[in-house]
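Data block below; observations after.
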Amino acid sequence: MLVNKLKELRNGGDEEGFTLIELMIVVVIIGILAAIAIPIFTAQQKNAINAGVQSDVKNTVTNVATALVKSPTATAITGTSTGNNGTFTGTPASVTGAIVVSDSATTVTVAGDWNTYTVRGSNTGTQTSYTYDSTTGKINQDATYSAA
């Protein structure tokens, strides 16, 4: 029986399967695809987090404007909200609790008065921050990052 099997193997028997070379080529191809895909995925993830920070800043600007209209005698507006379960605390009281940020690593800070105020959002995961200035009405990415 063993002799018959050896003869069959020598004569190109019906053994099926992949050779070691074929398996190694497949592993190399998968490695190359992973090497390309992982950095792209990481960059897209950072872009999504940064878009979330910008959205948090825009939402905060809307809430601050609403709070100032509700409290026209407010002399200053300040406050901070950190984390997706954080509650904004600050003055005037009408803005307190109105702002919740989208990411646990995001912090939104408001400072200023009725005439000029800034809203700054930053994310420690991407080391990126964005600032809204009420005098220009624009959101700009800060040149350098520093923890809020």
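The values are calculated or read from the model by the stated rules, or taken from the named source; none is laboratory data. All figures in this text were calculated on a predicted structure; none of them were measured in a lab. Cβ coordinates were reconstructed from backbone atoms using ideal geometry, including for glycine residues, and neighbour counts include every protein chain displayed.
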Query raised in the report: Inside the range 13-58, can you point out the residues that are of a type outside the set (Asp, Glu) and touching a Ser or Thr at 6+ places or on another chain (Cβ under 7 Å)?
Result: LYS46, ILE49, ASN50, GLY52, VAL53, SER55
Query raised in the report: For the range 18-31, does any single residue satisfy the condition of being farther than 30 Å from ASP103 by Cα and not in a helix (DSSP H, G or I)?
Result: yes
Query raised in the report: Does at least one position in the range 63-79 carry a residue that is among the polar types (S, T, N, Q), touching a Gly at 6+ places or on another chain (Cβ under 9 Å) and at pLDDT below 85?
Result: yes
Query - Residue satisfying all of: in the range 1-51; under 30 Å from TYR132 (Cα atoms) and either in contact with a strand residue (DSSP E or B) (Cβ under 7 Å, 6 or more places away or on another chain) or among the aromatic types (Phe, Trp, Tyr) (or both); surrounded by the fewest Cβ atoms within 10 Å (Cβ to Cβ) among these - result: PHE41
